[in-house]
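Participant: Okay, here's the structure, questions in a sec.
The values are calculated or read from the model by the stated rules, or taken from the named source; none is laboratory data. Only a predicted model underlies this, so the values are computations on that prediction, with no experimental measurement involved. Cβ sites come from the backbone with ideal geometry, for glycine too, and all protein chains shown count toward neighbours.
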């Protein structure tokens, strides 16, 4: 008897392709090039198979490379690359809030005898965490990157809190794994879904207000948004007196990078 | 311009195809995607009484099933006779379910496992791995353990061990039993047990089983005499918040059909509830509720042991029915599913097309924008196919006509805007 008939093989292949395809498109927006995003995906997959035990802990603890180190590393990279202190603090506050809220909903509200999910078990935590992270990040900074950082670090902090719970209750038979499900861990899935949700919230809101507003926005940002003028005389639309369109756009982008959060 | 029109039509087709596939699957087979935000406010008390249960009744008022507070509109039940119900209304202590008739696929599996096929089952042995774990590792049985919850070492471990030892005694099944606790007892436990499930999956199992006990106060609901044993019956739970749900549901049907042939009524019903329960990781992942907290642990242990007798054959670990006439007909063989795998593929593709198309539409605000973005989509890959496209571009000679040139430069400007849209607007 075939254990994995054609239907299931197609199912597994299609869902993997779609998951990693969407993940690549989402990570693409995290200050990564297309190839960089692809490299992160590969790191997630390969890293899924590597568990690093942390020695000398009261309750055994292990950290997965693909499920924890890679996404957290990416979050830290984004924080380091953040233009302003404001952006960093907003992202960190959003992370802390996310951690608190998912702990409150996941462990305080959705608990108790009812099986299989506890009372208020209306939505699986796999989907609940990214929704919380995206909403909080959007309110805090209207930012996809902040949504990713908030979701990744938020779930990580909830995990660390759970580790302290295990230590406090002396659960020596436990083995705490952080990110152990690798590329399918809730840390990774939360991060990616949060980017997409923040994107969806942002785009929808912008569309509802009738397109992006230009009033009161910094000149450099507007210059970056303007359609490049091909065939127009050089220097026409050029605040820096530098004719080359590539370097002009590069300058505008740098300005924009500095200003956006 | 023609290519643009083509892409506009393509994006619309994508959305319609998505709606079509989902509509077809949804209407023909009765699955509701699972979230009803209002239920949080209306159906649940914050201070609910522990162990209070909801009776699920049919239109005539007779009790079909009994579940903890957590029943939601859209939950479905297939009982051991194959009757299919869907919850349409939830009151304080009562839920009303609508009959959807007999579940044809379950009946097909029921027919499929005939006596001759069961006799053949012992014939050829193949061996295979089954992973077992407990998401709620504190669950315990009040009459035997003295409490409904013993953190980190609930009585549920004894039930798990009973399942494991019976599997090993009676078949060539290799069992990987992961005893990692995932306390505290809450919904986030599934997020923690996801790591354990994944660890089990690295051992290449044929199926993974998450063993729980229920929380309804009425012990007699599960208590029964099956094959001359006093046992507590089992309930199989399938999560609805899972794009692969159809495949898991098919697996549950097969489990119930076969287990009930071996030991009639050992599986009481299949319950399709809100949640994911990490069943998206594998089409053959299942959650079982071995009795409830008011049953004795002995009843639960004997119950899962009887259930264990059915597992090797259903998973193809041990001989079993060798046929090609799959229920529901089709290309697939009955290894792990009938048509559930294909239906799940349909769901995933349908959702992706619908959401992808819809998102394109929102983010660009017009059909033209959708076309533009899709037209720019191919450009994303020039990054990887750099040399190929460069050679191709070199092959194309630019035309000399000034009108054509102007048009070309306009097009180029459009393209540039599309290409760099993300660079300047990304946030």
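Participant: Would you check if residue B:60 is at pLDDT 85 or above, surrounded by fewer than 19 Cβ atoms within 10 Å (Cβ to Cβ) and more than 26 Å from the chain's Cα centre (by Cα)?
Facilitator: Yes.
Participant: Does residue B:240 satisfy the criteria of being more than 14 Å from chain A (Cβ to nearest Cβ) and within 17 Å of residue B:344 (Cβ to Cβ)?
Facilitator: Values: more than 14 Å from chain A (Cβ to nearest Cβ): no; within 17 Å of residue B:344 (Cβ to Cβ): yes.
Taking the combined requirement at face value, the residue does not satisfy it.
Participant: Would you be able to say whether some residue in region B:252-266 is in contact with a strand residue (DSSP E or B) (Cβ under 8 Å, 6 or more places away or on another chain), within 10 Å of another protein chain (Cβ to nearest Cβ) and either crowded, with 24+ Cβ neighbours inside 10 Å or without any contact (Cβ under 8 Å) to a residue 12 or more places away in the chain (or both)? Lay out the reasoning, then the answer.
Facilitator: Filtering region B:252-266 for residues in contact with a strand residue (DSSP E or B) (Cβ under 8 Å, 6 or more places away or on another chain) gives B:252-253, B:255-256, B:259-260, B:263-266.
Now narrow it down to the ones that are within 10 Å of another protein chain (Cβ to nearest Cβ): none.
Checking region B:252-266: not a single residue is in contact with a strand residue (DSSP E or B) (Cβ under 8 Å, 6 or more places away or on another chain), within 10 Å of another protein chain (Cβ to nearest Cβ) and either crowded, with 24+ Cβ neighbours inside 10 Å or without any contact (Cβ under 8 Å) to a residue 12 or more places away in the chain (or both).
Participant: In this structure, is residue B:164 away from chain A (no Cβ under 12 Å), in contact with a strand residue (DSSP E or B) (Cβ under 6 Å, 6 or more places away or on another chain) and under 30 Å from residue A:190 (Cβ atoms)?
Facilitator: In short, no.
Participant: If you go through region B:110-146 one residue at a time, how many are at pLDDT below 85 and within 27 Å of residue B:216 (Cβ to Cβ)?
Facilitator: 1
Participant: Give the number of residues within region A:135-184 that are within 15 Å of the chain's Cα centre (by Cα), within 14 Å of residue B:196 (Cα to Cα) and assigned to a loop (DSSP other than H, G, I, E, B).
Facilitator: Final tally of qualifying residues: 1.
Participant: For region A:23-36, which positions are more than 8 Å from chain B (Cβ to nearest Cβ), modelled with pLDDT of 85 or more and in a helix (DSSP H, G or I)?
Facilitator: A:23, A:24, A:26, A:27, A:36
Participant: What residue, of A:179, A:191, A:150, is touching a strand residue (DSSP E or B) at 6+ places or on another chain (Cβ under 9 Å), under 18 Å from residue A:103 (Cα atoms), in the same structural domain as residue A:24 (by TED's automatic domain parsing) and in contact (Cβ under 8 Å) with a residue 24 or more places away in the chain?
Facilitator: When all the criteria are applied, what remains is A:179.
Participant: Any chance region B:227-237 includes a residue that's in a loop (DSSP other than H, G, I, E, B), assigned by TED's automatic domain parsing to the domain that holds residue B:149 and over 19 Å from residue B:54 (Cβ atoms)? Break it down into steps so the answer makes sense when it comes.
Facilitator: Kept after step one, since they are in a loop (DSSP other than H, G, I, E, B), are these residues of region B:227-237: B:227-228, B:233.
Applying the additional criterion that residues be assigned by TED's automatic domain parsing to the domain that holds residue B:149 yields B:227-228, B:233.
Pick out the ones that are also over 19 Å from residue B:54 (Cβ atoms) and you get B:227-228.
Yes, region B:227-237 contains at least one residue that is in a loop (DSSP other than H, G, I, E, B), assigned by TED's automatic domain parsing to the domain that holds residue B:149 and over 19 Å from residue B:54 (Cβ atoms).
Participant: Give just the number: which of (1) more than 23 Å from residue A:130 (Cβ to Cβ); (2) modelled with pLDDT under 90; (3) exposed (fewer than 15 other Cβ atoms within 10 Å of the Cβ); (4) more than 9 Å from every other protein chain (Cβ to nearest Cβ) does residue A:46 not satisfy?
Facilitator: Of the numbered conditions (1) more than 23 Å from residue A:130 (Cβ to Cβ); (2) modelled with pLDDT under 90; (3) exposed (fewer than 15 other Cβ atoms within 10 Å of the Cβ); (4) more than 9 Å from every other protein chain (Cβ to nearest Cβ), the odd one out for residue A:46 is (2).
Participant: Being touching a strand residue (DSSP E or B) at 6+ places or on another chain (Cβ under 8 Å) and more than 14 Å from chain A (Cβ to nearest Cβ) narrows it down to one of B:303, B:291, B:275, so name that one.
Facilitator: Details: B:291 fails: more than 14 Å from chain A (Cβ to nearest Cβ); B:275 fails: more than 14 Å from chain A (Cβ to nearest Cβ).
After ruling out the rest, the residue left standing is B:303.
Participant: Looking only at region B:195-216, how many residues end up being more than 9 Å from chain A (Cβ to nearest Cβ) and within 17 Å of residue B:140 (Cβ to Cβ)?
Facilitator: So the count comes out to 1.
Participant: OK, next. Considering region A:50-69 alone, what residues qualify as being over 21 Å from the mean Cα position of the chain (by Cα) and not in a strand (DSSP E or B)?
Facilitator: Residues satisfying the conditions are A:50, A:55, A:56, A:57, A:58, A:59, A:60.
Participant: Could you tell me which numbered condition residue A:11 fails, if it satisfies all but one of (1) surrounded by fewer than 18 Cβ atoms within 10 Å (Cβ to Cβ); (2) facing another protein chain (nearest Cβ under 8 Å); (3) free of Cβ contacts under 8 Å to residues at least 24 places away in the same chain?
Facilitator: Going through (1) surrounded by fewer than 18 Cβ atoms within 10 Å (Cβ to Cβ); (2) facing another protein chain (nearest Cβ under 8 Å); (3) free of Cβ contacts under 8 Å to residues at least 24 places away in the same chain one by one, residue A:11 breaks only (1).
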